[in-house]
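Data block below; observations after.
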Amino acid sequence: MKLRLFKRKIVIIAFLVVVFVLAGIYPMIHKKNADVETSNTLKIYAVGTDSRVSNGLQDTLDEFQKKYPNIKIKKVLFDVNNIEKYEKTLLSDTLAGKGPDVLYLTSSDAKKLQRSGMLQDLKTLIDKDKSFNKEDYNNKIINAGMYNGKLTLMPLDYYVNQYATTKELLNSNRINLKADSSEKDFIKAVEAGNLNGGRKLFAAVGGADPVGNMNLSDFLAGSGYQFIDYENKKVYFDKPEFKELIEDYKKIYKASAKKAEGEGSSGEEGLQALKSGAALFSNDRMDSFKDFLSSESLINGITKETSCINNMPMLEGGDKVVGIVSESMAINKNSKNKEAAYNFIKCALSTEVQSKACRQTSYIPVNNKVVKEFEDEYKSEIGKSYEYDKNDTVVQKPLSSDFQNYVNKVTNNVEKGTIIDDSVNNLMMECLTPYFQDKTSYESAINTLQSKVKIYINE
C-alpha cells in the first residue's frame, strides 16, 4: 500500500514538473514562432493606393521586392490628400513603440523622432556591412542624419537655397554680385542697386511651400550657422549673427512677393517673373536634377538673356554651400526585422532607385554615381531643342564655366548637410512676421520666439 502511494506521488510530481517546464518554455516557443511569422514581413506607412504609393517610396518598393521576393510588404495606406494624417500617425505610432519597420520621412517629423530615441543607429549596421561603400555617397549630406553620435536618419536627397537671374537684369539694376561673396555682400549689393519699374526682389518668399519660396529656415540653414542645439536643448537667438540674418531676411521679405500660408506654388513663378520682368531673382527649384542641369539653357531660352545661377551665400562667404536634406529613411528601434529594413534603405540608396526618383523630384541624389549619370546624360543631349511654349524654344547648350563650377559646388563641395525642422520654421514665421511687417519690435518678437522654441525642443 505504501509502495503504491509512493509511486502515485512520483507520477504526480513528475506530471507537475512537466507542466511547469512546459509553462515556462511555452512563451519562449510562442515568441520564437511569432518571430518566424513576422521575420518575412516588413511594415511601412505610405501615402497612396495599394497599387501605387508616393513616387520615391514606390521605386524603392519595386527594387526591394525584385531583390527580396520572399519578404512580404505590409502597407498601411493614407489618402494622398491627407498627408497631415500620415505624418501625425507615423509620429504618434512610432513614439508609442509601434509604427512601421521603415520610416519614410520629410523634414516635418525628422527632428522629433531623432529626439525620441525610437530610431535605430544605422552606423552599427553599416559598419558590419562589407558591401556598403561609403565613397559611393555624399557623406557630408549623410552626416546630417547624426544625432548624439548615432546615425539615426539616412538622408536620400537634398537641395540648396539658390537664386537665379540674368546678367542683363543685374546690370540694368546696377547690381554687382561676386561668385564668392558673403551673405552681407549680397544684401549690400542689392541695396546699392535700383529695383526699377516696381520690380520685386524675389518672386516669392515666406510660406511653407518650398518649391518656389525662400522660407526663413532655408535662408538660415544656407548661412552655415545653426542656432538651435537639439541635443542639449538650447537656443542661441541672442547671437549677433542671428540678428544680422533676421535683419537681412526682413529686407528680402519686404522687397519680395509674399506667399500666404498654405498657398501652393506651380514651381515656375520665378521663371515667369524673370521673363516678364516682375522680379529680379527666382528661387524656383527645377522639377528634377536633370532639369536643374538644364536650367541655364532654360532661362536663356525663355528670357533671351544670359543666365546667372548661384547659391544664396553663406554668412561668411566662400565657395562652399550647405545642402538641405529633403527626404530620409529610418528604422524603428522596435522593429524585429532590422536586417530587412536595412536592406530596404540600401535599395533606396541604390543607383537604380536614385536614378528613377531624382527624375521626378527637384532634389540632388546622395548617390554619387547617379549625379555622374545625369551629368553624362545631359552632355549627350547637347544641341537638342524642345518647345517650352508656343513662343519659346529651348536649346540644350553646354554648361558655361560659371554654371559648371556651381554644379560642382553643390554636388562635390558641400560644406555640410543639415535637416531643417518644419515646426520651427512655422514658429519662426509666426513670431517674426509681425516684426517683418513693422508691427512689433525685434526684441519682442525674439523673446516670443525664444520662449516658444524652448518649449518645443523640451517637449
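The values are calculated or read from the model by the stated rules, or taken from the named source; none is laboratory data. None of the values given here were measured: they were computed from a predicted structure. Note: ideal-geometry Cβ built from the backbone for every residue, glycine included; neighbour counts use all protein chains shown. Note: accessible area is taken over every heavy atom of the protein model, side chains too, but ligands, DNA and RNA are not part of it. Shrake-Rupley method; radii C 1.70, N 1.55, O 1.52, S 1.80 Å.
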Members of the stretch 198-231 that are surrounded by fewer than 16 Cβ atoms within 10 Å (Cβ to Cβ) and either in contact with a Leu (Cβ under 6 Å, 6 or more places away or on another chain) or small (G, A, S) (or both): G198
In the list Y456, Y406, which residue meets the criterion of being out of contact with any strand residue (DSSP E or B) (no Cβ under 8 Å at 6 or more places or on another chain) and either more than 30 Å from N133 (Cα to Cα) or among the hydroxyl-bearing types (S, T, Y) (or both)? Y456
Does the stretch 402-417 contain any residue that is at pLDDT 90 or above, small (G, A, S) and part of a helix (DSSP H, G or I)? no
It is to be established whether one or more residues within the stretch 105-113 are open to solvent by 80 Å² or more (accessible area, probe 1.4 Å) and either charged (D, E, K, R) or in contact with a Leu (Cβ under 8 Å, 6 or more places away or on another chain) (or both). no
Given the criterion over 22 Å from the mean Cα position of the chain (by Cα), open to solvent by less than 60 Å² (accessible area, probe 1.4 Å) and of a type in the set (A, V, I, L, M), identify the matching residue among V394, V414. V394
Among (1) out of contact with any Gly (no Cβ under 9 Å at 6 or more places or on another chain); (2) at pLDDT 95 or above; (3) not hydrophobic (A, V, I, L, M, F, W, C) - the single one G317 does not satisfy: (2)
Tell me, yes or no, whether the stretch 80-101 has at least one residue that is of a type in the set (V, I, T) and either part of a strand (DSSP E or B) or over 20 Å from the mean Cα position of the chain (by Cα) (or both). no
When (1) without any contact (Cβ under 8 Å) to a residue 24 or more places away in the chain; (2) farther than 16 Å from Y45 by Cβ are applied to D109, the one that fails is (2)
Hey, can you tell me all the residues within the stretch 342-372 that are over 20 Å from the mean Cα position of the chain (by Cα) and open to solvent by less than 60 Å² (accessible area, probe 1.4 Å)? N343
Which numbered condition F64 fails, given (1) of a type in the set (A, V, I, L, M, F, W, C); (2) over 20 Å from I457 (Cα atoms); (3) open to solvent by 20 Å² or more (accessible area, probe 1.4 Å): (3)
Residues being out of contact with any helix residue (DSSP H, G or I) (no Cβ under 8 Å at 6 or more places or on another chain), farther than 28 Å from N143 by Cα and of a type in the set (A, V, I, L, M) - total across the stretch 405-445: 0
Look at the stretch 114-145 and say how many of its residues are outside any loop (DSSP other than H, G, I, E, B), surrounded by 17 or more Cβ atoms within 10 Å (Cβ to Cβ) and under 20 Å from the mean Cα position of the chain (by Cα). 10
Could you list, ordered by first residue, the pairs with Cβ atoms under 8 Å in which the first is in the stretch 273-295 and more than 13 Å from S307 (Cα to Cα) and the second is among the acidic types (D, E) and in a loop (DSSP other than H, G, I, E, B), at least 6 apart or interchain? D284/E268
Need the failing condition index for K234 against (1) open to solvent by 10 Å² or more (accessible area, probe 1.4 Å); (2) touching a Ser or Thr at 6+ places or on another chain (Cβ under 9 Å); (3) over 20 Å from G323 (Cα atoms); (4) modelled with pLDDT of 90 or more, just the number. (2)
K184: surrounded by fewer than 18 Cβ atoms within 10 Å (Cβ to Cβ), of a type outside the set (F, W, Y) and within 27 Å of the chain's Cα centre (by Cα), yes or no? yes
